[in-house]
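One structure is given below, encoded as structure tokens.
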Amino acid sequence: MKSVAIILARGGSKGIPNKNIVEFCGKPLLAWTIEHCLAGGVDLVYVSSDADEILVTGEKYGARSIKRPEEISGDEATSESGWLHALEVIENIKGKMDWILAPQVTSPLRTATDICRGLDLAASGKYDSLFSCSIAEDLFFWEERAGSLESINYDWHNRKRRQDIPNQFIENGSFYLFRPEVLRQNNNRFGGKIGVVDMEFWKMFEIDSREDLRMCSALMKEFLI
């Protein structure tokens, strides 16, 4: 199985300036994801970015570079457009890929072992796409509808015991795995038989603000460093 990691890392950020390369626990945020991919057994690791500074940082930590065109680098651009562009560039150079790993830079609370487990599931032949998840326990969601609150993932009229509630999976965004044909045919990261790579609940947090940066730094130091 030939796998490639495509790490999307646009320049600019409203919440945290240069968020993708901000210092996080001693190194640029991007570096953590690159190192997870390399240590997790991915064959090739690429960073796709419109920003030269990000590409230089990526190369410093062992990734190869793809310059992302301006027309698919704006706020309205989808991740799928970035993956499709990068995939075309990569396969023109390296040949056909069997699986794409798409990790999120702003989710550093993972380990190489998480990615390795995902690749093992991909290699099993049972799935066409996978997503990292956290299992929700005792999380009950409500939504406001027509001016009143309604429970979403359970019936408040008939509240079950905790042990009777089936597992519910939170798509935590840390990484995705999918076959190239799934991406090309559906213009979507999901398709075919979908599976999950479960991770510890505390790994689901991501960095979008200064407060997130502090919280994830504390979790990283407590659990991983």
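The values are calculated or read from the model by the stated rules, or taken from the named source; none is laboratory data. Remember, it's a predicted structure, so these values are computed and weren't measured experimentally. No Cβ is skipped: glycine too gets one built from the backbone with ideal geometry, and neighbour counts run over all protein chains shown.
Descriptive notes on the structure:
- When every residue of the range 25-34 is checked against the conditions, at least one turns out to be among the aromatic types (F, W, Y) and outside any loop (DSSP other than H, G, I, E, B).
- Identity of the residue in the range 5-50, β-branched (V, I, T) and surrounded by fewer than 20 Cβ atoms within 10 Å (Cβ to Cβ), that ends up farthest from L177 (Cα to Cα): I16
- Listed conditions (1) surrounded by fewer than 16 Cβ atoms within 10 Å (Cβ to Cβ); (2) assigned to a helix (DSSP H, G or I); (3) not basic (K, R) are all met by E76, apart from (2).
- If you filter the range 51-63 down to residues that are in contact (Cβ under 8 Å) with a residue 24 or more places away in the chain and touching a strand residue (DSSP E or B) at 6+ places or on another chain (Cβ under 7 Å), you find that the one that is surrounded by the most Cβ atoms within 10 Å (Cβ to Cβ) is G58.
- In the range 68-87, the qualifying residues are those that are at pLDDT 95 or above and among the hydroxyl-bearing types (S, T, Y), and the one that is farthest from the chain's Cα centre (by Cα) is S81.
- Residue within the range 198-212 that is at pLDDT 95 or above, on the phi < 0 side of the Ramachandran plot, loosely packed, with under 11 Cβ neighbours inside 10 Å and not in a loop (DSSP other than H, G, I, E, B) present: yes
- Elements of type strands (runs of 3 or more DSSP E) contained in the range 88-194, each with 3 or more residues being surrounded by 13 or more Cβ atoms within 10 Å (Cβ to Cβ) and within 18 Å of the chain's Cα centre (by Cα): 99-103, 129-136, 168-178
- Some residue of the range 207-224 being closer than 19 Å to A5 by Cα and in contact (Cβ under 8 Å) with a residue 60 or more places away in the chain: no
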